[in-house]
Amino acid sequence: MKDRIRLTPQVIQDPGEEPLLLHSRVTGPISELTFLQRALLFAELAMIAYNDESEASRAAQLVGFTHATHFDDQGAQSYYFRNEFDSVIACRGTQPNEWTDLRADVDAVAVIAETVGKVHRGFKREVDRLWPMLEQALHSNDLPTYFVGHSLGGAMAKICAARCMLSPIETNPRQLFTFGSPRVGDSKYVRFVTLDHFRFVNNNDIVTRVPPFWLGYRHSGHEVYFNRDGKIRRYSLLMKGRDRWRGALRGLWNRKIDYLSDHSIHEYCKHLVSAVEDELNVIAAGGAPFSPKALSTMTREPQR
């Protein structure tokens, strides 16, 4: 029997910190990667964005980005990763020890957006701090540009990509990938800001369910759902509810709170590593790679 294809990680670790396991390696345009390979790359860049500039630069080099520029204003942070083919804006997610991050998360008042509709005031305030620097960096950019982020970083990436699309600068967002992102705006904002957006949700990740639906907030983009076993599945609301309930029970059995542990960016990366390995084995056996067209029947929320 033929051995199963496995991805070999590269490791970056500073003393006393959790190691970064990086499985992506870009040697050409991102557009040449399969959908799942692209998703794994973006999840790993979102993970890298949590680290200090030195560690993030070394990690970015390992995955194939020769330049990493760090932007920071009062705790709102992002990275601008570049190589000769592409550029990626990766917004940093919530840091529990950063007051500005926590304040942004809980400040759920909806305020007027720059376009149509309303957005979360806390998320908008974070982007307001960063956007002048990002806009200046992108002003002379002539590379395809992607926006990515996890948690609060996903919400920020959504607003940044929308501003980039509507900005007078020539750069336009190629795609937006978010992982464990909260809802960002109301239905008017979601309908007006149309982006090629893939929104990854890991089973019981509680952050993907806030701010609450009944306050008028909606998700956007095509949902990519990992079930309780870490597999990408397209479920009805009823099937998803059952899967989440079973995931929560299994979490309790294993003495963990599924709603919190499922939010980790490391969990998203782990599931995507497995998905890419499965895809490589399918391709080696003569099959076709996973197609995002399988997600095309998913709505752009009114999902709850």
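Can you tell me, using C-alpha contacts under 8 Å and at least 6 residues apart, the relative contact order of region 10-295 as a whole percent? Averaging sequence separation for qualifying contacts and normalising by length gives 15 percent for region 10-295. Hydrodynamic radius of region 10-295 by the Kirkwood approach over all distinct alpha-carbon pairs: 19.1 Å. Placing pseudo-labels 7 Å out from each Cα toward the beta carbon at Asn281 and Asp14 gives an inter-label distance of 3.7 nm. For region 51-92 versus region 157-187, the spacing of their alpha-carbon centroids is 18 Å.
For the chain, what does the helix formula give at 222 nm: sum of -39500 (n - 2.57) over DSSP H segments with n ≥ 4, over the residue count, nearest 500 deg cm²/dmol? Working shown, then result.
Details: 9 runs with 114 residues, N = 304.
So the helix-based figure for the chain works out to -12000 deg cm²/dmol.
Cross-link partners of Lys118 among aspartates and glutamates, defined as those whose alpha carbon lies under 13 angstrom from its own and excluding same-chain residues fewer than eight positions apart: Asp186. Dipole of the chain computed with +1 at Lys/Arg Cβ and -1 at Asp/Glu Cβ about the Cα centre; of Ala284, His271, Tyr235, farthest Cα towards the positive end is Tyr235.
With the highest mean first, a sort of the peptides 51-64, 6-19 on other beta-carbon atoms found within 10 angstrom per residue produces 51-64, 6-19.
Within the shell defined by Cβ-Cβ distances under 13 Å, the residues around Ser54 carry a net charge of -4, with Lys and Arg each +1 and Asp and Glu each -1. With the simple model of a label 7 Å out from the Cα in the direction of the Cβ, Gln136 to Ile5 spans 4.4 nm. Note the per residue figure in Å³ for the convex hull of the C-alpha positions in region 154-304. So the per-residue hull volume is 128 Å³.
Throughout, read-outs are computed from the coordinates displayed, never taken from laboratory work. Being a predicted model, the structure only gives us computed values, none of them experimental. Neighbour counts are summed over all protein chains in view; Cβ atoms, including those assigned to glycine, are modelled from backbone coordinates with ideal geometry.
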